[in-house]
Amino acid sequence: MKSMIVTGAANGIGRAIAQGADLAGYRVGVLDIAREHAEATAAQLSHGEPLVCDVTNAELIARQFEQFGDIDVLVNNAGILRTGPLIDHEPDDFRLVIETNLNAVFVAAQAAARIMRDHGGGCIVNIASIVGMHPSPNSGAYAAAKGGVISLTQHMSLEWGAYGIRVNAVAPGFIDAGMSAPFYGDPDVRERRSSAVPIGRLGSEEDVVKAVLFLASDDADYISGETVAVDGGVINSVLMHLPRD
Ligand SMILES: NC(=O)c1ccc[n+]([C@@H]2O[C@H](COP(=O)([O-])OP(=O)(O)OC[C@H]3O[C@@H](n4cnc5c(N)ncnc54)[C@H](O)[C@@H]3O)[C@@H](O)[C@H]2O)c1
């Protein structure tokens, strides 16, 4: 049985990834700082194990991974969002966003890669965001971290391919779930955002899960260093809003 650790798996997109992986037959490590939700999510899975820890704690992450045993796939999904104009961003808040959304991706990926290297390989999927590819107002700290995740993904794939480790990223777009669910609770926002998507709808957790499971699978065994946007075409749509007559 293959194994997968998903960080931030107690809620939102991460929980959906853990559930999808379970259905696909993985033993799943449900890693999250939110103990109760992590335990509840793991208990719903056929082969789920709660791993309660803060992704920013390198020592704890390494210990949890060692105890979990072989890791075939790591999905770095845990993340936090802080919005607001950069001119007003508190440095401590900026640091926390980078620490959680970028530094922790490095720390967890490195800990997993050391285990994978000793077991002949593996696969890492990092959850980025389309704001790491295209700037968006009021998202500067978050976007800087996600842009870093995309660059880190490329560099890890370059250095770790020799160990049989593939590293890719998924960049979700306008997803009606998790941290964005309250935002899309407003019907005006829903309408404005869905009509800006070329395929005409917001994304779901499931849209992200399918991309993650594909990249984790042997069907993607010649794909590494890529970032797959799961966004219904948003990042390629700028000229849709400036049509020729
Ligand atoms: N929802 C969206 O619209 C959207 C869009 C693009 C990218 N993303 C990315 O998808 C990922 C999942 O987001 P979501 O929408 O499901 O968010 P969410 O807030 O619903 O879930 C995030 C999970 O991460 C956990 N977490 C946060 N900090 C942690 C820490 N220090 N240690 C361990 N766990 C921690 C939380 O407890 C939570 O369970 C994030 O990386 C996010 O940036 C989300």
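The values are calculated or read from the model by the stated rules, or taken from the named source; none is laboratory data. Everything numeric here is computed off the predicted structure, so don't read it as measured data. Virtual Cβ from ideal backbone geometry, glycine too; neighbours counted across all protein chains shown. Quick note on the areas: whole protein, heavy atoms, side chains included, nothing else; ligands and nucleic acids left out. Shrake-Rupley method; radii C 1.70, N 1.55, O 1.52, S 1.80 Å.
Observations, loosely collected:
- Selection status of L23, free of Cβ contacts under 8 Å to residues at least 24 places away in the same chain and more than 9 Å from the ligand (Cβ to nearest atom): yes
- Restricting the range 150-161 to residues that are within 16 Å of the chain's Cα centre (by Cα) and hydrophobic (A, V, I, L, M, F, W, C) leaves a set whose member that is nearest to the ligand (Cβ to nearest atom) is I150.
- Tally, over the range 1-19, of residues that are more than 10 Å from the ligand (Cβ to nearest atom) and farther than 17 Å from I124 by Cβ: 2
- Some residue of the range 162-179 being within 14 Å of the ligand (Cβ to nearest atom), in contact (Cβ under 8 Å) with a residue 60 or more places away in the chain, open to solvent by less than 60 Å² (accessible area, probe 1.4 Å) and out of contact with any Ser or Thr (no Cβ under 9 Å at 6 or more places or on another chain): yes
- Cβ pairs under 7 Å, 6+ apart, first in the range 31-47 and more than 14 Å from V6 (Cβ to Cβ) and open to solvent by 50 Å² or more (accessible area, probe 1.4 Å), second within 13 Å of the ligand (Cβ to nearest atom) and not charged (D, E, K, R): R35/V52; E39/P50
- Residue check for I71: among the aliphatic types (A, V, I, L, M) and crowded, with 17+ Cβ neighbours inside 10 Å: yes
- Selection of the range 186-199 for residues being open to solvent by 20 Å² or more (accessible area, probe 1.4 Å) and either in contact with a strand residue (DSSP E or B) (Cβ under 6 Å, 6 or more places away or on another chain) or under 21 Å from Y142 (Cα atoms) (or both) yields only R193.
- F106, sole failed condition from (1) surrounded by 20 or more Cβ atoms within 10 Å (Cβ to Cβ); (2) among the aromatic types (F, W, Y); (3) closer than 22 Å to L60 by Cβ: (1)
- The sole residue among D231, D245, D221 that is closer than 30 Å to D93 by Cβ and either at pLDDT 95 or above or of a type outside the set (G, A, S) (or both) is D231.
- Residue list for the range 134-149, filter: surrounded by fewer than 18 Cβ atoms within 10 Å (Cβ to Cβ) and within 18 Å of the chain's Cα centre (by Cα): H134
- Considering only residues in the range 200-226 that are over 24 Å from A78 (Cβ atoms) and touching a helix residue (DSSP H, G or I) at 6+ places or on another chain (Cβ under 9 Å), the one that is surrounded by the fewest Cβ atoms within 10 Å (Cβ to Cβ) turns out to be G200.
- The range 48-57, residues that are within 24 Å of L102 (Cβ to Cβ) and crowded, with 16+ Cβ neighbours inside 10 Å: L51, V52, C53, V55, T56
- Which listed residue is open to solvent by less than 20 Å² (accessible area, probe 1.4 Å) and either of a type in the set (A, V, I, L, M) or in contact with a Gly (Cβ under 8 Å, 6 or more places away or on another chain) (or both), from I98, I130: I130
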